[in-house]
Amino acid sequence: MSAEEVVKCEEQYEKGRAVDSILTQVAKRRNVTPESLYEAIAWPLHKKYGHSYEAFKLSIQEPEAVFGDLTIEPETLAELKHTIARRLTPKPVKVRADIEVKCFDYQGIEAIRRALKAGEALSTEEVPIKVRLVAPPLYVMSTTSTDKAAAIDTMEKAVAAITASIESEKGDVVVKMAVSNIASKETLVLTRRSPRSSRRPTTPSSSSSWSSSRRPTWTLRATTTRTRRTCRDAASDVLQLQFYSLQGDGRRSVASEGAQ
């Protein structure tokens, strides 16, 4: 078996598992057997569309065209539509591109505005394009769509339209980040990290946990008090020594006068 055949078999398995999960859940909610739903729904759709999974996906947009020829109870059909919509509805994806748009000609700002408008003009109902200024000359282009391929293709065409427009005005476009899919919860904000913010703060080791920066206030006060007392005691000792030396000098002068 070749690698392509392995991929096809895996796709068929995943599709079959998804169909089985949907029909099993509907059968439990309607208190019927999964086999009865296979006979009434899955097998006829499989013959008509090549696989029941493809029919279920198409039913999200065209339910009457898919289920119109089948004999299904209204309650079961409503439950089936609800389950298919919850399981198979594609999730929206966000596509983004970062560009720098510059124009130092006389038209300057107006040329940039026209170029960005030319990119936004390619928006469609399925792929709405928005351009947001981060900081001149940096702009963020973004869109949210359930069709990832169409979103990427439309965004690439929008970048090309902006480039063509600004270059005709003697401007320039620099693509800082090419058109790509981003995470669904990521915000479309471009932050610039300064060198200082990238430095990691140093954490003190266990041996220096009682350093001066983390020493309690009462310890600092006690140390200051002891220092003041030590200074006062040293000053008192110096004064006493000077006093005694003066007394000694006076006694020696009196003794010398008496001897004369």
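The values are calculated or read from the model by the stated rules, or taken from the named source; none is laboratory data. Treat the numbers as computed from the prediction; the structure is a model and nothing was measured. Cβ placement follows ideal geometry from the backbone for every residue including glycine, while neighbour counts extend to all protein chains displayed.
Quick notes on this one:
- Within the stretch 123-132, the presence of at least one residue that is closer than 24 Å to Ala178 by Cα, in a loop (DSSP other than H, G, I, E, B) and of a type in the set (A, V, I, L, M) is confirmed.
- Restricting attention to the stretch 165-179 and to residues that are under 21 Å from Gln107 (Cβ atoms) and in contact (Cβ under 8 Å) with a residue 40 or more places away in the chain, the residue that is surrounded by the most Cβ atoms within 10 Å (Cβ to Cβ) turns out to be Ile166.
- Of the residues examined, Ala161 is one that is surrounded by 15 or more Cβ atoms within 10 Å (Cβ to Cβ) and either over 19 Å from the mean Cα position of the chain (by Cα) or not in a helix (DSSP H, G or I) (or both).
- Scanning the stretch 83-104 finds no residues that are aliphatic (A, V, I, L, M) and without any contact (Cβ under 8 Å) to a residue 12 or more places away in the chain.
- Residues of the stretch 133-158 satisfying the condition of being part of a strand (DSSP E or B) and either on the phi > 0 side of the Ramachandran plot or of a type in the set (A, V, I, L, M, F, W, C) (or both): Leu133, Val134, Ala135, Leu138, Val140, Met141
- Search result, residues across the stretch 133-157 that are in contact with a Leu (Cβ under 7 Å, 6 or more places away or on another chain) and either under 15 Å from Lys94 (Cα atoms) or crowded, with 18+ Cβ neighbours inside 10 Å (or both): Tyr139, Val140, Ser142, Thr154
- Of the listed requirements (1) under 41 Å from the mean Cα position of the chain (by Cα); (2) within 22 Å of Thr89 (Cα to Cα); (3) without any contact (Cβ under 8 Å) to a residue 60 or more places away in the chain, Ala18 misses just one: (3).
- Residue in the stretch 42-87 that is surrounded by the fewest Cβ atoms within 10 Å (Cβ to Cβ), counting only those that are farther than 16 Å from Arg17 by Cα and basic (Lys, Arg): Lys47
- In the set (1) in contact with a strand residue (DSSP E or B) (Cβ under 7 Å, 6 or more places away or on another chain); (2) of a type outside the set (A, V, I, L, M, F, W, C); (3) surrounded by 15 or more Cβ atoms within 10 Å (Cβ to Cβ), the condition left unmet by Arg114 is number (1).
- Whichever residue in the stretch 88-109 is under 27 Å from Ala55 (Cα atoms) and loosely packed, with under 15 Cβ neighbours inside 10 Å and, among such residues, is modelled with the highest pLDDT: Pro92
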